[in-house]
Amino acid sequence: MHLTLVGGELIDGGVRRTGERLVLREGRIVAVGPDVPSCGVVVDVSDLLILPGFLDLHTHGGGGFALHTTEPEEILAYARWVTRTGTTAFLVNVVGVPDDLPERQLTAAALAITHPDRSGAEPLGIYLEGPFLNPARRGAHHASWLRSPDLSLAERLLAAARGHLRVVTLAPELPGALDILDRFIAAGVLVAIGHTEAPYEQARVAFAHGARLLTHCFNAMPPLLHRAPGPLGALVEQESAFGELIADGHHVLPVVMRVLVHALGPGRTVVITDAQPGAGLPPGTTFSFAGCLARVDPDVARLTDGTIAGSVLTMDQALRVLVESVGVPLEDAVLMLTTTPARAIGVDQRKGRLAPGYDADLVLLDRKLRVQATFCRGRVAFARNDWLGRVDDPVAAALEEAALRPDLECSSSEPEHDLGMRR
């Protein structure tokens, strides 16, 4: 069955558009435009913003669910939970384990990625943060998780990921790291520079070898200095590379966030959460970060010794921070949560846009940028009760039918279900 959204303001590809209809069918966007006829179930969203679903490339979990786990079901539970934040796709972040490699966690991630359950956000692959990190910049990564670069270890990691490894963070200054970098790139893996002491010159060499991402810019790396530009200086010069930004306003202050966005532009700035399983939980809640005890502070996650251990950020919160605290135009902020991360990991032919042929991953926001509903591949994955309460009574049943019964053809004889807003 077709589903048509009418009346909303579309924000896509860095521009705003009004007066257009958006038609979904079988998990895809099939038509967008002002002259597109309404078809199937028609939902009036004239007081809402329609955005592509958010892609979070670097997250450790949220809602009490960890992505570094040996249980695929926990990853799938996170995929269902995270839709309330507007996220429709993500990478499964795996870190280290004591005195070994995280092969069981990589296998669990691969099983979750290939699982037939498609009721939530889509896991697009694995983000392996380590184990080839510099101990001097390890941050919350326990020293026992780290390994010296070794090609045989890289082969074990690739095998355990079963072809689903998309991103690997490494420190290029470590002995043997460039050989590891070359091997991962040959396997089709995006290499990120991070948790590094690399000076500017070494970072340039890594980018020349094919690295295309800088992990959480400013965090766990040398600063940008006028006589020592470091990895950040090398990133700005490498126009084919992207930089991650934890947009919570605490890992990087808003004024510095503004500088990075100006330097890279919204087309190269990838907004991430780097969220811990405690994201979305009350302050004071404790949780496990790969076996290390951590807690939710009001603004960040911390280990028991006070070390910052990632964020408690969600993608919808990141959007509000960018617009309200950093002063980024909404169109640019949306780009950095949707189109740009899709480009960074090479899924921009089906993710990150509101265009025909793309996956029907959408988020509906009110004018205060709060999530009202999320669609994952055409399915209604999340909707707020207050939003559903403002539409006609048949909306829940009709939306469920539109989401879960894509086998019905749209024709001139197919009845339309007008689910317009109550005024």
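A few remarks follow.
- Full extension of the chain between Ser288 and Lys368 gives 25.5 nm of extra length, using 0.36 nm per residue less the Cα-Cα distance.
- Computed FRET value (nearest 0.05) for Ser38 with Arg118, which takes r as the C-beta separation and R₀ as 25 Å: 0.40
- Per-residue HN-Hα couplings for region 379-384 [Karplus 6.51, -1.76, 1.60; θ = phi - 60°; Hz; x = Gly/Pro]: 9, 6, 8, 7, 8, 6
- ³J(HN,Hα) computed for each position of region 11-23 - Karplus, 6.51 cos²θ - 1.76 cosθ + 1.60, integer Hz, glycine/proline x: 10, 7, x, x, 9, 9, 9, 10, x, 10, 9, 10, 10
- Within region 291-329: backbone nitrogen closer than 18 Å to the Ser144 label point (7 Å, Cα to C-beta): 291-294, 303-305
- As a length-normalised measure over Cα pairs under 8 Å and 6 or more apart, the relative contact order of region 54-344 settles at 18 percent.
- Residue with peak Gaussian network fluctuation, the chain [Cα springs, cutoff 10 Å], from Pro116, Pro98, Pro283: Pro116
- Dividing the C-alpha radius of gyration of the chain by 2.2 N^0.38 Å, with N its residue count, gives 0.98.
- Nearest-ten-degree value, helix 395-404 long axis tilted from longest Cα axis of the chain: 60
- Counting only DSSP beta bridges with both residues in the chain, the antiparallel share comes to about 50 percent.
- With Cα atoms, 0 to 90° folded angle of helix 72-81 axis to the chain main axis: 50
- Cα-based helix-to-principal-axis angle, 200-209 vs the chain, degrees rounded to 10: 60
- Distance in nm between pseudo-label sites at Arg17 and Leu330 (7 Å out along the Cβ direction from Cα): 1.7
Read-outs throughout are calculated quantities, based only on the coordinates presented, and are distinct from any laboratory measurement. This structure is a prediction, so every number in the text was calculated from the model and none was measured. Ideal geometry is used to build each Cβ from the backbone, glycine not excepted, and the neighbour counts take in all protein chains shown.
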